[in-house]
1. Just one of A:Glu614, A:Glu626, A:Glu664 is open to solvent by 40 Å² or more (accessible area, probe 1.4 Å) and free of Cβ contacts under 8 Å to residues at least 40 places away in the same chain; which is it?
2. Taking B:Ser58 as meeting all but one of (1) touching a residue at least 40 places away in the same chain (Cβ under 8 Å); (2) more than 16 Å from ligand 2 (Cβ to nearest atom), write down the number of the exception.
3. Pull up the range B:116-128, narrow it to residues that are of a type in the set (Val, Ile, Thr) and open to solvent by 10 Å² or more (accessible area, probe 1.4 Å), then point me to the one that is nearest to B:Gln158 (Cα to Cα).
4. Report yes if some residue within the range A:561-572 is outside any strand (DSSP E or B) and open to solvent by 30 Å² or more (accessible area, probe 1.4 Å); otherwise report no.
5. State the number of residues belonging to the range A:407-443 that are open to solvent by less than 40 Å² (accessible area, probe 1.4 Å), under 15 Å from A:Ala456 (Cα atoms) and at pLDDT 85 or above.
6. Which numbered condition in (1) at the interface with chain A (Cβ under 9 Å from one of its Cβ atoms); (2) without any contact (Cβ under 8 Å) to a residue 60 or more places away in the chain; (3) closer than 24 Å to B:Gly141 by Cα is the only one that B:Ala113 fails?
7. Does B:Ala162 meet the test of being out of contact with any Gly (no Cβ under 9 Å at 6 or more places or on another chain), under 30 Å from B:Pro213 (Cβ atoms) and within 12 Å of chain A (Cβ to nearest Cβ)?
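The values are calculated or read from the model by the stated rules, or taken from the named source; none is laboratory data. Values in this document were obtained by computation on a predicted structure and should not be read as measured data. No Cβ is skipped: glycine too gets one built from the backbone with ideal geometry, and neighbour counts run over all protein chains shown. Just the protein is used for accessible areas: all its heavy atoms, side chains included, with ligands, DNA and RNA removed. Shrake-Rupley method; radii C 1.70, N 1.55, O 1.52, S 1.80 Å.
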Amino acid sequence: MTRVALRSIRSHLGRFVMSIVAVLLGVAFVSGTFALRTMMAGTFDDIVATSAQADVYVRGTEIASQTGGGSMGVGGNRTLVPLALADELAQVDGVSAVTPDVTGPIILVGSDGTAVLAAGGAPSFGLGYDPQDPTTTIAAGRAPTSPGEIALETSTLEASGLAIGDPTQVLLGGALTDVTVVGEVHFDAAIAGAIFVMLDLQTATQAWAADGLVPDIGVFAADGTDTDRLLADVQAVAGGDTEAISGADLRAETTAQIREMLGFVGTFLLVFAGIALFVGAFIIANTFQMTVRQRQREFAMLRAVGASPSQVFGSILVQALVVGVVGAAGGIAAGVGLVAVLRMVLGSFGMELSGAIPLDGFTVGVSIAIGALVSLVAAAIPARHAALTPPVEAMREEDVRHEGGAARWSGALGAVLTVGGAAAVVLAATDRLGDGNELGLAAGAIAALIGVLLLAPALVPGGLGALAWPAAATMRPLGGLARGNVTRNPRRTASTAGALMIGMALVGAAAVIASSTQASVRSVVETESTSDYLLRSATYDVPSGAVDAVAALDDVDQVLTVEVAMLAVDGSVHDVVGVDRALFERALDVPVVSGDLAALDRGEAVARVSAAEENDWQVGDRIALEGSTGSQTVTLGAIVDTQAIDTTLMVPQGVLDELSSPAEQTINTAFVMLTDGADAATARDDLTAAVQPFLIVSVMDNDEFADALSAQVDQVLVILYALLGLSVVIAVLGIVNTLALSIAERTREIGLLRAVGLGRLQLASVVTIESVLTSVFGTLLGVGLGVGLASALPSVYADSGFTDLVIPWAQLGTFVGLAVVVGVLAAIWPAVRAARMDVLDAVSYE
Amino acid sequence: MRALAADPSTDAQIASARGLVKIYGTGAAQVRALDGIDVDIARGELTAVMGPSGSGKSTLMHCMAGLDTATAGRILVDGEDIGAANERRLTKLRRNRIGFVFQAFNLIPTLTAAENITLPLDIARRPVDQDWFDAVVDAVGLRDRLAHRPAELSGGQQQRVACARALVSRPAVVFADEPTGNLDSRSAAEVLSFLRRSVDELGQSVVMVTHDPTAASYAHRVLFLADGRLVAEVEHPTPDTVLDVLRDLSGPARGAHTSAPTAARTAEPVR
Ligand SMILES: Nc1ncnc2c1ncn2[C@@H]1O[C@H](COP(=O)(O)OP(=O)(O)OP(=O)(O)O)[C@@H](O)[C@H]1O
Ligand SMILES: [Mg+2]
């Protein structure tokens, strides 16, 4: 039987090609994700290994656990250590070098006069050059020795277009400084596109450790020193407020944190791989359903000569296994190719990832297993059907439909799931599930999606009948023929359309969420912001020099900043914003829920409604804050309902300064208030001129600010669309596949039509109409479902700033238009094949 | 035998062939399905074609209806040179001037009987002449079955629908390849008398292949093929005169000949 199965797959390879391609695409995504993750982990491991080469580190004690959320980084949750400790550590026995970590933000101006920004959001680092540090070497020129000198890391030098000896500028501590490039520094590892600028140690200390505090101090051991003993000795010298940790442990800790972060990225990508595979499974199931039907007589003959049902079943599963394994093998290769392309693209942006594309046994094993499993599961139902059909019945000329009992059951189940899912969503949307709202929404959405998939066959006759009506009415008889073809096997049409539906549901939901978010952001800006202009930075940190320069302008009355730092709030790390009361009086119009904003003048904190609810805070409660430079308990003085400042807690600027060092604070936004009677247009020119030297700062009015925020949403949307595009591509393959196979099934019919005078173009049109109908049907179902579910979101997430529901009709219309295009594209190959059929061959086809 | 027309394009014949040759395959597997056929099909007559299995009857129908291209020879249908026509031209011809009825599988399963009947007109975007449609439908006696799908019709009814479809576009000539091959004698009689009436009452020209002497007796004229050649002809046939000719043809001398093409046919690859 196995031999029969393999023969048959070889002689009908064409029928299986689409299935193989579907598995291939899904698996490519899976293996690509794994390979990418391994490669990125490897790159970051290298970075960790080379950037943390000391034998022992002294760092501050932990002030909050990582579990608080909000903070992904390494810093922000430990106290700082005094720089002075470095000298004491140098005296410890067996210490060869001590390197305090003097580091902070810096912006480098490149040869073209613009800021050198890191690729892909990688950070810009300024470092104090420590001649003692054994991990950095001067590759050319010399080390910086005075405030006017810098050295650049090799790839930073390349990216900046500067050369040794060139004069340029850096933005340091909020001010622009003239400097000269005096050297090129080489690091041992890949640096993933980050920008590194080295200052002399003294300048760096002044800039980033003026208060005499640094995040950590590295200690290098002399040859032959026992690390454990050194660790104990260092800890003894450093004292109780600090923690000594061996270099190996620190590296392991950092690596683990990075792994966790990459894990999130990987999980995110795997979700899309899962969607792709789910969609692929539909194609495989469809293919097997159709090939099984075409070969019904072959199976009947095998049964008639004594093959048992389980042998027939097994032989089909063997074919599925071959499809799965072949597809998975191709998928692994394609995944590696995908990552190679990605690496090339990233490389061209200056983000180097390490050498070889890793392909470990795990990736290969998982990919093959997934490919095989998906194929087996998808083929199981058609295989069972083939095995159980009595031989006599299968021998019969007309195809017998077996859609009785099972179809009714799945239809009923689909209806129950759809209604139940929709009900859960509505309950969640109307806030009747309390804490279960979000869960209800998610479960309801999934139930509704599966429900509609199950229900789809029942919707085909009516739905497609209605959809096809215009075509049937205007294009006689082509439209009617096409309608007959797509409705004659509802289950097949439904699962073909279902593949597209899944992707389109997600796309539709994403579109609604994105446009609603944009509208919400816009309405927040419009209702809350009363300032004349805002300053924002490309690095999300407006240099304080720019703020000062703007404040000094004649037509500017006041500049109000929103500064952000990471603090432990009641023991877990959160963004905390430092503000002045004036901000709420002049720049933002914010409804106060309880307490009053004068609390800020009294040194008290202000919380947003959602944060207050989440933490069960009342006005008058005491909240413990701890930062790297101190700790303090503040009273909650007011609760406000703002969406403009998206943070847990706001404290007076003075409080924030006491708890964190300036290097840790970033100015997220600066609000500019003009003097009375100042001309807005002139003022804008003045502002633009004032911030121009700071390169990364832009001046916006409220509208432009809203636009900028919308643009960020658009960027996310593009990535989502690109990822979902894969499932749409697979769905298109599914349509091609179904058309090709159903044309093969109707060969005689096509011959007959041609014999009574149907032209080739007309035949191709029939196929195209079928394709477009299927694709539009799937798109309408999917978009309808996605939009319906996404419409429930604003009521559930109103607290998180999701206030407006906007349904982007034009965009949804585009999706339907796209579905027509997709349908036409999918029809090309099957239509050409059908048109090429020889009339007589077709009529006598068996 | 009737004398061949000196000029085949005159009005007396609706279709004619001169020196028609059709060769399938190459080398050792070569089959001369039609081996030099000269024939005139008279306008307004029902012509039957008979002959042993493998004698080339279907091939002749296919070539004359423009469904297949001849290897050599000239075919005129209603004054149109079929051999010289390209695919577009042939499609047009099939649509407007030629009706065809196959032995089986004549109908589109997704269309109703009425839709199947008007299919050629719909394809050609020609309006349906309601009087003619009614005449044809009444002639085949399917008035109460028009809304049914093929699966809901008996074999005889299906073939009558197919005949109605072949006639509804008022083609110049209808070719029917064993239209009653799958039918019992009663259903066969329904279809045959309809075809004859379409000739007598509606003025159609019909060519039909059959193996059944009774069926052939409905015709004005019967042509006999053997080994791809036209070997005999009977005017105003009765079942008995047809049987006599058949008995003559399948004499010992012929038997040896007919077995060879039959073997070739079974050797045809299964598709
Ligand atoms: N597509 C083909 N390829 C090769 N040979 C063919 C093909 N079609 C027909 N033949 C051969 O041509 C000869 C004539 O076939 P044809 O189908 O015309 O016979 P027929 O008279 O219609 O027979 P029957 O009464 O069995 O239908 C046969 O020998 C047959 O084997
Ligand atoms: Mg025949």
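1. A:Glu614
2. Every condition holds for B:Ser58 apart from (2).
3. B:Thr118
4. Yes, the range A:561-572 contains at least one residue that is outside any strand (DSSP E or B) and open to solvent by 30 Å² or more (accessible area, probe 1.4 Å).
5. Adding up the residues that qualify gives 3.
6. Unmet condition: (1).
7. So B:Ala162 passes the test.
Results for (1) modelled with pLDDT of 80 or more; (2) outside the structural domain of A:Ile730 (by TED's automatic domain parsing); (3) under 36 Å from the mean Cα position of the chain (by Cα); (4) closer than 26 Å to A:Ile275 by Cα, shown as yes or no for each residue.
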{"residue": "A:Phe313", "(1), (2), (3), (4)": "yes, yes, no, no"}
{"residue": "A:Ala333", "(1), (2), (3), (4)": "yes, yes, yes, yes"}
{"residue": "A:Val341", "(1), (2), (3), (4)": "yes, yes, yes, yes"}
{"residue": "A:Met351", "(1), (2), (3), (4)": "no, yes, yes, no"}
{"residue": "A:Ile370", "(1), (2), (3), (4)": "yes, yes, yes, yes"}
{"residue": "A:Leu373", "(1), (2), (3), (4)": "yes, yes, yes, yes"}
{"residue": "A:Ile381", "(1), (2), (3), (4)": "yes, yes, yes, yes"}
{"residue": "A:Glu393", "(1), (2), (3), (4)": "no, yes, no, no"}
